[in-house]
There are 2 protein chains.
Amino acid sequence: MQIPSQYLEQVVDQLASLPGIGRRTALRLALDLLKRSEVELSDFIGALTALQDKVLHCRRCGNIADTQICQICNNSRRDSSLICVVEDIRDVMAIESTNTYNGLYHVLGGLISPMDGVGPQQLNIVNLTERVQNEAPKEVILALSPTMEGDTTNFYIYKKIKEYPLLITRISRGIAVGSEIQYADELTLGRSLQQRQLFDLAQ
Amino acid sequence: MQIPSQYLEQVVDQLASLPGIGRRTALRLALDLLKRSEVELSDFIGALTALQDKVLHCRRCGNIADTQICQICNNSRRDSSLICVVEDIRDVMAIESTNTYNGLYHVLGGLISPMDGVGPQQLNIVNLTERVQNEAPKEVILALSPTMEGDTTNFYIYKKIKEYPLLITRISRGIAVGSEIQYADELTLGRSLQQRQLFDLAQ
C-alpha cells in the first residue's frame, strides 16, 4: 500500500513505531490527525513537546513527576519505612488505585531480561540499594510480575539488599479474586496450595 | 487511575482522542514516547509538524499530495476519461494496489450521513460536478462502500451528473454488503472494478 505523500508516510512510520500499532492503524490515526484543525494539531504537538521538556523522574523513587521529587515521596503522611519495588510507573498507578498502600515506591523502569539485553545496569537498582542504605526502611516489598523476568529481578534485588537489617517481602501469588479455580493455570493453583494461609475471617 | 504528571496526562488525553485508542492504551503509548531519546522524540514531533505544514490535497481530485496536483492526476499515461469516485484516500490506496485501474480519482472526503451531520456541502461533490462539466469524462465510476451512506451518496451524485453525456457506473457488489472497501481483499476489489455495472435505480 503506497502512501501518496512522503510527509504522511513519515507520520505513519512514526506512529507505527509505537507498541501495538500496525501500519494500517497508524494510517488511520495519521489521517485522523490530518483532518484536524491547525489549533487542534498544534495542541497535540504541544503536548508531546512538553513531554520532552517538562516531565521529570523523581530523584528519589524514579516515579514520573513534574517536580524533582514526586508527590508521593513529598507526602509526609506516607510511611517512609516501607518501600514497594515495582517495574513500571503504571504499577504505581495500579497500586495507588487500590487504596491499600501508604508507603513509598521504587520504580525500576523494567525487569532484568537477558533475552532483550536488559541487565541490572539498565535499571534503577543501584539507586534502590543506596536508598536502603541511606533511608534504612523497615521493609522492602517486591511487587514485580510473577514471570521469569520478575523472578530473576526479585532474586537479584534480594541478593543486593539481604545484608541490611530489614524485612524483604513479596506480594502474594495465587488465584485472582473473582476468578474461578477450574480456569486457573496449574502452576498458579499449585503455588497457591503450597503457600496456603491461615483462614482469617477479618480478611 | 491518576497520572502523576499533568504534562504526561495531557499527552495521554491527546493520544486518547485518536480513533480506537482508549486511555489505557494511550498511557502505554505515552510512556513509550517518554522512554525515547530526545532525538527520537524530536523526529516524532517533526513528522507531525510536517503533516500540518506540508501535506496538501490535490486541487483536482482531493487526493493527498505533496504538490498542488497529485501524482495520479499529473500522470499523462493515466486515462483521464475515467473518474473513480471514492470516499477516502485509503480507498485510492486500496484500489491502486489492485493494479486493475488506470483512470483518475475523485476523493469525496466522506459520505453523506445526516445522522452524523454530514451533508453534500461538507463533501468534495461540487468539485466533482465541475470536473464532469470541464473535463467531460466518458465515465464516472462510483466506488463507494455498499452501505446506507454509500448508497445515499451514490444516489445524490447520480442525480447531480446524470444530465451530462457520460456513463455512470458503480463497482459490482462482489463486496459484502455492510463491509468497508479499504478492508476488501485485492482480488475481490479488483474484480468488482472490472465488473462494474450501469447505475440503475431499480437495483
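Listed values, structure above:
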| read-out | value |
| --- | --- |
| Selection status of residue A:68, more than 7 Å from chain B (Cβ to nearest Cβ), part of a loop (DSSP other than H, G, I, E, B), free of Cβ contacts under 8 Å to residues at least 60 places away in the same chain and surrounded by fewer than 16 Cβ atoms within 10 Å (Cβ to Cβ) | yes |
| Any chance residue A:112 is within 13 Å of chain B (Cβ to nearest Cβ) and either more than 12 Å from the chain's Cα centre (by Cα) or within 29 Å of residue A:165 (Cα to Cα) (or both) | no |
| Flag for residue A:2 being within 7 Å of chain B (Cβ to nearest Cβ), surrounded by fewer than 16 Cβ atoms within 10 Å (Cβ to Cβ), of a type outside the set (A, V, I, L, M) and closer than 28 Å to residue A:123 by Cβ | no |
| Candidate set from the stretch B:32-42 (those that are within 7 Å of chain A (Cβ to nearest Cβ) and acidic (Asp, Glu)); member that is farthest from residue A:30 (Cα to Cα) | B:38 |
| Within the stretch A:163-192, tally of residues that are outside any loop (DSSP other than H, G, I, E, B), modelled with pLDDT of 80 or more and either over 19 Å from residue A:146 (Cα atoms) or over 25 Å from the mean Cα position of the chain (by Cα) (or both) | 6 |
| Breaking point among (1) away from chain A (no Cβ under 14 Å); (2) of a type outside the set (Val, Ile, Thr); (3) surrounded by fewer than 13 Cβ atoms within 10 Å (Cβ to Cβ), for residue B:154 | (3) |
| Flag if residue B:157 is assigned to a strand (DSSP E or B), touching a strand residue (DSSP E or B) at 6+ places or on another chain (Cβ under 8 Å) and of a type outside the set (Asp, Glu) | no |
| Qualifying positions in the stretch A:80-109 - in contact with a Lys or Arg (Cβ under 9 Å, 6 or more places away or on another chain) and either within 11 Å of chain B (Cβ to nearest Cβ) or of a type in the set (Asp, Glu) (or both) | A:90, A:109 |
| Residue B:29 being more than 22 Å from residue A:35 (Cα to Cα), facing chain A (nearest Cβ under 8 Å), free of Cβ contacts under 8 Å to residues at least 60 places away in the same chain and buried (at least 19 other Cβ atoms within 10 Å of the Cβ) | no |
| Residues (part of a helix (DSSP H, G or I), of a type outside the set (Ser, Thr, Tyr), over 15 Å from the mean Cα position of the chain (by Cα) and within 28 Å of residue B:195 (Cβ to Cβ)) located in the stretch B:128-152 | B:131, B:132, B:135, B:148, B:151 |
| Residue selected from the stretch A:66-94 under the condition β-branched (Val, Ile, Thr) and within 21 Å of residue B:34 (Cα to Cα), by the criterion nearest to the chain's Cα centre (by Cα) | A:89 |
| Filter result (outside any helix (DSSP H, G or I), within 22 Å of residue A:39 (Cβ to Cβ) and out of contact with any helix residue (DSSP H, G or I) (no Cβ under 7 Å at 6 or more places or on another chain)) within the stretch B:32-62 | B:56, B:57 |
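The values are calculated or read from the model by the stated rules, or taken from the named source; none is laboratory data. None of these values were measured; they are calculated from a predicted model. With ideal geometry, Cβ positions are generated from the backbone for all residues, glycine too; neighbour counts draw on all protein chains shown.
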